[in-house]
Amino acid sequence: MIRRLLIANRGEIALRIIRACRELEIETVAVYSEADRRAPHVAAADRALAIGPAPAAESYLSIPRLLDAARASGADAVHPGYGFLAENAAFAAACEQATLTFVGPPSRVIATMGSKIDARRAMHAAGVPIVPGDTPDDQTDAGLRRAVERVGLPAIVKPSAGGGGKGMRRVRQADEIADAVQAARREATAAFGNGTLYVERLVERPRHVEVQVFADNHGGVRHLFERECSVQRRHQKIIEESPSPGLTPALRDRMTSAAVHAARAVGYRNAGTLEFLVDGSGDDARFYCLEMNTRLQVEHPVTEQVTGLDLVRAQLLVASGEPLPWSEAVTQRGHAVEARVYAEDPSQGFVPQAGPLLLYREPQRPGLRIDSGVVEGGEVSVYYDPMMAKVIASGETREIAIARLIAGLRDFPVLGIRTNIPFLLRILEHPRFRSGTVDTGFLDGEGAALAGEPEMEMPSFVRAALEFATESRIPTESRTPNPEPRESWDPWTRLQSWRA
């Protein structure tokens, strides 16, 4: 069994891993940059080591510094979390060479599935449906133009490396090919250091559905059902749920069977996710494998809520050499919906926010779970991803889960920076979302207007409550006859304007 685990990450996912380790009596080692010296995950771990300056390239993305921290702390295992180096084959290989247990798949699998071109070939060889496309050996502009012509329009030019929608360009007209290829190559090279491209047929208005898989070192491979991820902006997921409202039982069986088959075909180990595009509806809908995420997903709590399983605990057990910890059949129970709370301003083009959290109060109510990495009085850093928390609601039905999520978000005050909470509420209340018919183009199309709702005046009852709470917190003996004007420190004033 793992004895001491170094967590090569920060924020919410680091705290999530620490909680699972406590139950298994595994000692935890946090790492932190200069910007994260007072971060919650540093205080929560059994021990913590500094690994460098604030920029991620000099700290959380530095393989030598992470390995030095593992050696210095005496850790025998490393959990990469998600993001940063979680899907970096070189990092996994370096851990293997240092005789550190890597909580994830083998480096060779990460390398294969991390290249979208290699992954397409592996899925095609395994008989798993993939989007019709072309992976040309000739990577010149002319070679990629010929690939687009072979695939047919509309098409999408995509980078082989990376993810998150970076470097992807849609092509609807022949005169757009040259610009799309050059722009995709530039962005892919800048983001991933690899300008290799391939071409896929553009599937118009599909659903994005992913299947959670788990595999051990004893031949066990299982699926843990699906997650609906169609609510996304520029290929970045915002709201996820399970079960998918767009899958019939027969389609679900076909997709989950394909995911298990794919995991077996590549020799997968630990937690992973097969991502699919679903074209059409009903039992006869077609699905295509997009890629495999060789790590724990941000949205894994959705699966935990409908299955009752602890995926991080299972990761640690499987990495320790134990078989999958579920001897009985796993079933879906009820419904769960997750919303990602970001420090960003949707009305200003979703520009990221940074600064102190003057007020941060997480909602607490039945059927609501919060996974977060910040606290009131802390600070949202300019150096890292602006996601502050995930709010997960569950209930007997989809309608109950959505209602609980809306109530929870309305009871989630944050002051000092702007968040996307009002935007999330407008999505959850939109008729398309309530009817379960959203596709991947929704937020970039008719749903785009949801980001620009007008500001509202701060309700009088909110100001009255704030004044009462502020006054009641000041001890009588410490009050002075000439206090500092409230406007100079009132967080509502500092914020300049109030948004629901």
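Magnitude of the charge dipole for the chain, about its Cα centre and with charges confined to Cβ atoms of Lys, Arg (+1) and Asp, Glu (-1), is about 460 debye.
Report note on the peptides 2-10, 91-99, 388-396, 421-429: ranked by the mean count of other C-beta atoms within 10 Å, highest first, their order is 2-10, 388-396, 421-429, 91-99. Mean separation of Cα pairs under 8 Å and 6 or more residues apart, divided by the residue count, gives region 207-452 a relative contact order of 20 percent.
Taking the longest Cα principal axis of the chain as reference, the axis of helix 460-473 is set at about 70 degrees. If you take the square roots of the eigenvalues of the alpha-carbon gyration tensor of the chain and sort them as a ≥ b ≥ c, do you get rounded (a/c under 1.5), prolate (a/b over b/c) or oblate? Prolate.
Of the residues 248, 356, 314, the one whose Cα sits farthest towards the positive end of the charge dipole of region 207-452 is 356 (charges of +1 on Lys and Arg Cβ, -1 on Asp and Glu Cβ, taken about the Cα centre).
The listed residues 446, 27, 299, once ranked by accessible area (1.4 Å probe) with the largest placed first, stand as 446, 27, 299.
Sorted largest first by accessible area at a 1.4 angstrom probe radius, with every protein chain in place, the residues 385, 439 fall in the order 385, 439. Counting only heavy atoms of the protein chains and using a 1.4 Å probe, residue 399 has close to 110 Å² of accessible surface.
Taking Cα atoms only, the orientation of helix 141-151 departs from the longest principal axis of the chain by about 80 degrees. The listed residues 175, 68 rank as 175, 68 when sorted by accessible area, largest first, using a 1.4 Å probe.
The phi-based Karplus calculation (6.51 cos²θ - 1.76 cosθ + 1.60; θ = phi - 60°) puts the 3J(HN,Hα) values of region 16-30 at 4, 5, 4, 4, 5, 5, 4, 5, 8, 6, 9, 6, 10, 10, 8 Hz, whole numbers, x for Gly and Pro. For residue 205, the solvent-accessible surface computed with a 1.4 Å probe is close to 140 Å², ligands and nucleic acids excluded.
The values are calculated or read from the model by the stated rules, or taken from the named source; none is laboratory data. Small disclaimer: the values here were computed from a predicted structure and weren't measured. In this analysis, Cβ positions are derived from the backbone assuming ideal geometry, glycine residues included, and neighbour counts consider all displayed protein chains. Ligands, DNA and RNA are excluded from the accessible area calculation, which covers all protein heavy atoms including side chains. Shrake-Rupley method; radii C 1.70, N 1.55, O 1.52, S 1.80 Å.
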